[in-house]
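First comes the structure, then the notes that go with it.
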Amino acid sequence: MTRFKEFFRCLLWLALAIAIHPCMSLRAQEVASFADPQIKAALREISAGQIQSDIQKLVSFQTRSTISAQDGASISAGHGIGAAREWLKSEFERYSRDCGGCLEVKTDTFTQPVSERIPAPVGITDVFAVLKGTNAEDAKRIVLVTGHYDSRISDPLDKTGFAPGANDDASGTAVSLECARVLSKLKFPGTIIFLTVAGEEQGLYGSKHFAEIAKAQGWDIQAVLNNDIVGGDQSPGQDAKVVRVFSESIPDNPSEQHLRAIRALGGENDSPSRELARYITQTARTYWVEVAPLPEFRRDRYLRGGDHISFNAQGFAAVRFTEFQENFNHQHQNVRTENGIEYGDLPKFVNFDYVANVARLNAATLASLAAAPAAPQNVRLETKGLTNDSTLVWDAPADGRAVGYEVLWRATAAPDWEHVQLVVKAVKATIPVSKDNVIFAVQTADDAGHRSLPIVPVPER
Ligand SMILES: [Zn+2]
């Protein structure tokens with residue numbers, strides 16, 4: 001994109017913001033989208049070669065089973081989950097040195113007691129890096145990317161057999177690492193956490209512990225991006241242009257009042273996790289990411305789960321990225337050839353360019369959210385009287401960074417936002433559309449076009 005084109009886009013947005021008449025709205029896809037040049041440059045830095053080397057390094061530990069060796073001798077020999085954990089920590093520390101110490105590199109270690117897939121108490125360690133926001137108030141808002149670094153083969157209790165786990169889930173771990181490497185070179189008002197967890201294959205233990213701590217300590221995590229099996233397995237039927245984005249419908253433990261509102265008004269497609277999934281679609285369009293999110297309106301696949309569920313259970317918005325078509329011969333299998341069929345999760349099946357595109361989609365989403373102003377507060381939809389117009393009111397977020405708002409809406413049966421109206425300065429808008437036929441949301445935007453997550457209004461009499 002030339003500077004002239006960028007300038008033209010800015011002019012177009014300004015013209016729209018100033019000139020738009022209250023009776024006019026735009027198709028959501030027609031709104032001038034702002035690609036932040038710094039974020040665009042960071043996406044170009046994401047390297048398929050680096051991702052390939054990360055995945056091969058993780059595979060080189062032979063097994064990353066949560067119950068595999070983590071004693072000093074095994075770590076020195078480069079075998080087992082302990083060695084993988086130490087390597088991840090050293091990678092985050094290396095990125096931090098490259099950005100003048102901008103990352104806080106941390107571990108969370110706990111002992112998991114005996115359970116179905118934990119034959120003896122075992123230490124589990126999550127490794128993460130925090131890119132703290134530059135603005136004290138905004139820094140309280142956290143966005144998080146995660147992948148699980150543990151692996152398994154046919155028997156989940158096998159702690160010594162070769163368990164490469166290249167796709168499941170060295171690929172997701174590499175996404176977290178690569179986002180950290182590239183985004184640590186930028187500064188954002190909000191905070192980003194780059195997480196790698198263990199214990200997933202034994203029962204989501206690492207993410208569960210992390211999410212429980214976050215909840216207990218009152219962390220304001222606004223978005224969790226879980227990448228699990230994003231290797232783009234190169235089998236027939238794969239579509240390397242698409243990544244599935246799973247999001248839950250009705251959140252865990254809703255109050256009876258919340259459930260009643262969902263039933264009465266059709267709120268089952270507007271959980272915070274689903275708004276996050278739509279935000280990812282919007283971001284992919286803005287940054288022309290080469291892999292398109294395919295929204296899946298369910299929490300996860302049949303018979304399967306993942307670390308986003310641990311965050312959902314604590315009330316956080318969390319989604320799962322997974323390749324379009326999985327090859328089950330290449331997951332959770334001992335490496336072998338039988339009747340001419342190759343089994344096992346080997347690097348040769350991974351499409352590293354695909355993983356890089358998934359990493360770009362993650363990085364664009366993390367950066368957009370960390371750069372955005374806070375979301376509008378206290379968003380309400382007036383329902384005092386029977387009218388065919390719809391009036392929304394909200395409060396400006398306290399950070400004072402919002403220069404405008406976008407009121408979004410879609411038909412009740414439509415999956416994604418269809419229309420948008422820009423609102424400058426005001427914190428109220430009347431849309432000439434019946435609230436009975438659509439679902440609304442409001443998001444903030446700053447002068448560089450960074451947008452918050454959209455907030456669905458609550459009815460106000
Ligand atoms: Zn997995």
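Scanning the range 117-154 for residues that are away from the ligand (no atom under 16 Å from the Cβ), part of a loop (DSSP other than H, G, I, E, B) and in contact (Cβ under 8 Å) with a residue 60 or more places away in the chain, which turns out most open to solvent (accessible area, probe 1.4 Å)?
Selected residue: GLU137.
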Among helices (runs of 4 or more DSSP H) entirely inside the range 156-252, those with 2 or more residues being surrounded by 18 or more Cβ atoms within 10 Å (Cβ to Cβ) and away from the ligand (no atom under 16 Å from the Cβ) are 172-183, 205-216
The condition from (1) touching a Ser or Thr at 6+ places or on another chain (Cβ under 7 Å); (2) open to solvent by 40 Å² or more (accessible area, probe 1.4 Å) that PRO376 misses is numbered (2)
Looking only at the range 255-290, filter to residues that are touching a strand residue (DSSP E or B) at 6+ places or on another chain (Cβ under 8 Å) and of a type in the set (Asp, Glu); which one of those is most open to solvent (accessible area, probe 1.4 Å)?
ASP270
Out of the residues in the range 269-288 that are modelled with pLDDT of 95 or more and assigned to a loop (DSSP other than H, G, I, E, B), state the one that is nearest to the ligand (Cβ to nearest atom).
SER271
Restricting to the range 45-78, name every residue that is under 26 Å from PRO113 (Cβ atoms), open to solvent by less than 40 Å² (accessible area, probe 1.4 Å) and part of a helix (DSSP H, G or I).
SER74
Open to solvent by 50 Å² or more (accessible area, probe 1.4 Å) and aliphatic (A, V, I, L, M), is that true of VAL114?
yes
Given (1) open to solvent by less than 10 Å² (accessible area, probe 1.4 Å); (2) farther than 24 Å from LEU186 by Cβ, index of the condition VAL358 fails
(2)
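The values are calculated or read from the model by the stated rules, or taken from the named source; none is laboratory data. Quantities reported herein were computed from a predicted structural model and do not represent experimental measurements. For neighbour counting, all protein chains shown are included, and Cβ atoms are generated from backbone atoms with ideal geometry for every residue, glycine included. The protein model used for the area step is the full one, side chains on, heavy atoms only, and it has no ligands, DNA or RNA in it. Shrake-Rupley method; radii C 1.70, N 1.55, O 1.52, S 1.80 Å.
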